[in-house]
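The values are calculated or read from the model by the stated rules, or taken from the named source; none is laboratory data. Being a predicted model, the structure only gives us computed values, none of them experimental. A quick note on method: Cβ atoms are made from the backbone with ideal geometry, for glycine too, and the neighbour counts reach across all protein chains shown. Heads up: the accessible areas ignore ligands, DNA and RNA and are worked out on the full protein's heavy atoms, side chains in. Shrake-Rupley method; radii C 1.70, N 1.55, O 1.52, S 1.80 Å.
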Amino acid sequence: MTRTAPLRSAALVAALAGCAVAPQPAGPRPTASAAVAAPPPPRLTPASPASVGMSDALPGRLDSIATAAIADRVSPGVVIAVARHGRLVLQRGWGRQEWTPSAATASDSTIYDMASLTKVVATTTAAMLMEEDGKLDIERPVSAYLPEFATPDKAAITVRMLLVHASGMKQFQNLWKEIKGREAYLQRIAAHPLAAAPGERVEYSDWSMIVLQAVVERVSGKMLDTLLAERVFGPLGMRDTGFNPPASLRPRIAPTEVQAFRGGAVWGVVHDENAWSMGGVSGNAGLFSSARDLAVFTQMLLNGGEYGGVRILRPETIARWTARQRKDASRALGWDTPAPGSSAGRYFSARSFGHTGFTGTSVWADPEKQLVVVLLTNRVHPSRDNPRIGPFRRAVADAVQSAVLDAPLRAWERDSTVRR
């Protein structure tokens, strides 16, 4: 079948035009097909793959991949959501929440520990809101918001550097073994020597997002969880999403690692030890959510910041924050972008954005093809000593992209300038 060019949100297209993106291979672009010509619905609507220019073989292909992954002990359960042009073409689970045969089945309503997806769904989004409110300037030094950082080595760190993981901070210690509480963490991080000069290089760091959380909370006057519940999760109807989930939700929550020092399986409590030591609300981890909620959130971003008649962010903000920021790394502002060997696989467009979480979560959005892929697992159950998630993530991403029939399928070329 001939592949034709996808349609995109008009607002997001206009915003993307103002952002620098990696060049696309030259060549003619076919005409958009009538199957995807209709504007996206206000909310995600179930539809067949064929109705949005995708192969009807996709559900069967993902079924094979997910079933094989469970058999290979990647995770006891897998949940995938795929949407295109605002139509939900697949949202289902495979396997169970635990390895025991009597455990609850995994489904689109199973709640997973998001781990580092917290960095983008929660902390980055909160910072975007504060910028739009006029309370945050990412070009200003962190010390303008946190006097604790007005030290000779850290005075040059800007909020932008936190967002692209170029602050020079690197977590050398398991602070959770020594201290507890948010203020104690901030004081210890502020006092710790840098590993590199601010802005010199990109080095992924949980500490950057813990500090960004403090910045957001200082300028907003609200805790991160409260701010997001009021401004994002509540308005979008994301009822499965939040920090420190109540005990009543435990039957729907997939457990993570079995840790003897925490009394057994970590279940309904954040897996990340630093976030746990900070009380469960942290800029780097602590968020819980479901596939159905993450699909809504990501579709909001692809819609240019609006979903179900509710505006959360402006299109130009989303376009700027999800664009790659440096030539030597794949990082956007908070978000990541595709690169060789990443969880995005081989075919997500250069303008795509996404992120992963240590517990086995990931989300990718492709504005070029108006495509959303959410993949949730609890691959750390019962042990984090499980490296199989990487190839599985890429297989899912490639299967979804290969199912798009009305747009060119372009594989990544190896880029030696991107550090992973």
> Which pairs have Cβ atoms under 6 Å, sit 6 or more apart or on different chains, and link a residue in the stretch 144-167 that is outside any loop (DSSP other than H, G, I, E, B) to one that is hydroxyl-bearing (S, T, Y)?
Replying inline: F149/S143; M161/S167; L162/S208
> Could you count how many residues in the stretch 74-107 are open to solvent by 30 Å² or more (accessible area, probe 1.4 Å) and in contact (Cβ under 8 Å) with a residue 60 or more places away in the chain?
Replying inline: 4
> Say we look at the stretch 193-219 and pick out the residues that are over 19 Å from the mean Cα position of the chain (by Cα) and open to solvent by less than 20 Å² (accessible area, probe 1.4 Å); which of these is farthest from L287 (Cα to Cα)?
Replying inline: A196
> Which strands (runs of 3 or more DSSP E) does the stretch 336-393 wholly contain that include 3 or more residues that are within 21 Å of G53 (Cα to Cα) and under 15 Å from the mean Cα position of the chain (by Cα)?
Replying inline: 361-366, 371-377
> Which one is surrounded by the most Cβ atoms within 10 Å (Cβ to Cβ), of the residues in the stretch 53-68 that are over 13 Å from A81 (Cβ atoms) and among the hydrophobic types (A, V, I, L, M, F, W, C)?
Replying inline: M54
> If you scan the stretch 150-192, which residues turn out to be within 24 Å of the chain's Cα centre (by Cα) and on the phi > 0 side of the Ramachandran plot?
Replying inline: H165, G168
> List pairs: first in the stretch 260-288 and farther than 22 Å from S208 by Cβ and β-branched (V, I, T), second open to solvent by 10 Å² or more (accessible area, probe 1.4 Å) and part of a loop (DSSP other than H, G, I, E, B), Cβ under 6 Å, 6+ apart or cross-chain?
Replying inline: V266/E257
>> Please go through the stretch 42-65 and give me each residue that is in contact (Cβ under 8 Å) with a residue 60 or more places away in the chain and not charged (D, E, K, R), ordered by number.
In response: P42, L44, P49, G53, M54, S55, A57, L58, L62, I65
> Between residues in the stretch 369-382 that are free of Cβ contacts under 8 Å to residues at least 60 places away in the same chain and residues that are in a strand (DSSP E or B) and hydrophobic (A, V, I, L, M, F, W, C), which pairs lie under 9 Å by C-beta distance while being six or more apart or on different chains?
Replying inline: none
> Is it the case that the stretch 373-380 has a residue that's open to solvent by 40 Å² or more (accessible area, probe 1.4 Å), of a type in the set (K, R), modelled with pLDDT of 95 or more and under 20 Å from A66 (Cα atoms)?
Replying inline: no
> Being farther than 30 Å from S290 by Cβ and in a loop (DSSP other than H, G, I, E, B), is that true of even one residue in the stretch 179-190?
Replying inline: yes
> Restricting attention to the stretch 108-136, and to residues there that are outside any helix (DSSP H, G or I), of a type outside the set (A, V, I, L, M) and in contact with a helix residue (DSSP H, G or I) (Cβ under 7 Å, 6 or more places away or on another chain), which single residue is least open to solvent (accessible area, probe 1.4 Å)?
Replying inline: T110
> Considering the stretch 227-248 alone, what residues qualify as being out of contact with any Lys or Arg (no Cβ under 8 Å at 6 or more places or on another chain), assigned to a helix (DSSP H, G or I) and open to solvent by 20 Å² or more (accessible area, probe 1.4 Å)?
Replying inline: A229, R231, G234, P235, A247, S248
> Does any residue in the stretch 236-254 that is under 14 Å from V121 (Cα atoms) come within less than 8 Å, Cβ to Cβ, of a residue that is among the β-branched types (V, I, T) and in a loop (DSSP other than H, G, I, E, B) six or more places away or on a different chain, and which pairs are these?
Replying inline: L236/I312; F243/V270; F243/V281
> Can you tell me which residues in the stretch 249-281 are part of a loop (DSSP other than H, G, I, E, B), closer than 15 Å to H381 by Cα and either of a type outside the set (A, V, I, L, M) or under 19 Å from the mean Cα position of the chain (by Cα) (or both)?
Replying inline: A254, P255, T256, E257, G263, W267, G268, V270, H271, D272
> Going by the conditions given, is A50 at pLDDT below 85, surrounded by fewer than 16 Cβ atoms within 10 Å (Cβ to Cβ) and either at negative phi or assigned to a helix (DSSP H, G or I) (or both)?
Replying inline: no
>> Can you confirm whether R311 is without any contact (Cβ under 8 Å) to a residue 40 or more places away in the chain and either under 17 Å from N378 (Cβ atoms) or crowded, with 24+ Cβ neighbours inside 10 Å (or both)?
In response: no
> Among P101, P23, which is in a loop (DSSP other than H, G, I, E, B) and modelled with pLDDT under 95?
Replying inline: P23
